[in-house]
């Protein structure tokens with residue numbers, strides 16, 4: 001992603017002047033506002049008299065179109081961070097700017113609307129409803145959108161076709177392999193055409209072949225413009241991301257850039 005491009009969304013031009021004149025267009029500078037910005041985020045859980053700090057002092061910028069992998073040992077706060085980014089959990093303190101607007105402390109109605117319009121979720125356990133067909137599982141993500149049944153069916157068919165599982169539309173989840181169930185889960189995340197995809201261990205229940213297939217799908221989605229934030233324990237699968245954020249005991253301890261993945265994203 002070219003952070004200096006004047007065509008990038010959320011770009012503020014610096015009206016620079018030298019010697020009383022405007023700087024030529026090719027020499028003007030641009031600041032890119034991050035799509036998501038977390039500032040000094042802390043999350044504390046209380047259970048009786050026990051206080052557990054899941055996240056402490058997290059500051060993180062995520063740009064539009066990035067693919068970020070969040071890593072760290074179990075219990076370090078990865079899923080909590082993903083839930084806060086996805087507006088499924090609130091912060092104890094700190095600020096969270098979503099497209100420039102601070103949503104920390106916003107009403108649940110506002111947060112639900114932001115989720116509906118912007119975010120798709122992919123879970124390790126698929127979270128499919130076994131009583132519903134594949135098509136019905138995907139369509140359920142559209143029920144709160146203002147569109148007709150005909151529009152919903154067309155959108156579902158389109159995304160199932162993209163995932164290569166139209167022939168499974170009338171099957172139940174129990175009739176599918178793990179890889180096919182994860183394709184359905186990805187289809188459900190994509191059907192509302194979200195700008196951001198949050199994936200919590202999306203390959204955790206899959207063998208290496210199906211896991212690599214899911215990672216290739218996520219890479220293609222990112223190449224098409226989606227911003228992807230993925231929690232993973234797999235160093236192999238984290239290597240698909242452009243940036244890797246490592247957590248330990250609720251703190252960001254390292255951030256590194258994956259040049260190979262960046263080169264693919266810019267290709």
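Details
- Considering residues of the range 116-127 that are more than 16 Å from residue 201 (Cβ to Cβ) and modelled with pLDDT under 95 only, the residue surrounded by the most Cβ atoms within 10 Å (Cβ to Cβ): 116
- Number of the exception - residue 254 against (1) in contact (Cβ under 8 Å) with a residue 24 or more places away in the chain; (2) part of a strand (DSSP E or B); (3) touching a strand residue (DSSP E or B) at 6+ places or on another chain (Cβ under 6 Å): (1)
- Selection within the range 204-251 - in contact with a strand residue (DSSP E or B) (Cβ under 6 Å, 6 or more places away or on another chain), part of a loop (DSSP other than H, G, I, E, B) and over 24 Å from residue 176 (Cα atoms): 226, 241, 242, 250
- Yes/no for residue 65 being at positive phi and buried (at least 19 other Cβ atoms within 10 Å of the Cβ): yes
- Annotation for the range 77-93: at least one member residue is in a strand (DSSP E or B) and modelled with pLDDT of 90 or more.
- Verdict on residue 183 being without any contact (Cβ under 8 Å) to a residue 40 or more places away in the chain, assigned by TED's automatic domain parsing to the domain that holds residue 72 and within 22 Å of the chain's Cα centre (by Cα): yes
Here's the yes/no breakdown for (1) surrounded by fewer than 21 Cβ atoms within 10 Å (Cβ to Cβ); (2) modelled with pLDDT under 90; (3) within 30 Å of residue 54 (Cα to Cα):
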| position | (1), (2), (3) |
| --- | --- |
| 171 | yes, no, no |
| 194 | yes, no, yes |
| 240 | no, no, yes |
| 251 | yes, no, yes |
| 263 | yes, yes, no |
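The values are calculated or read from the model by the stated rules, or taken from the named source; none is laboratory data. Keep in mind that this is a model prediction, so the values were computed, not measured. A quick note on method: Cβ atoms are made from the backbone with ideal geometry, for glycine too, and the neighbour counts reach across all protein chains shown.
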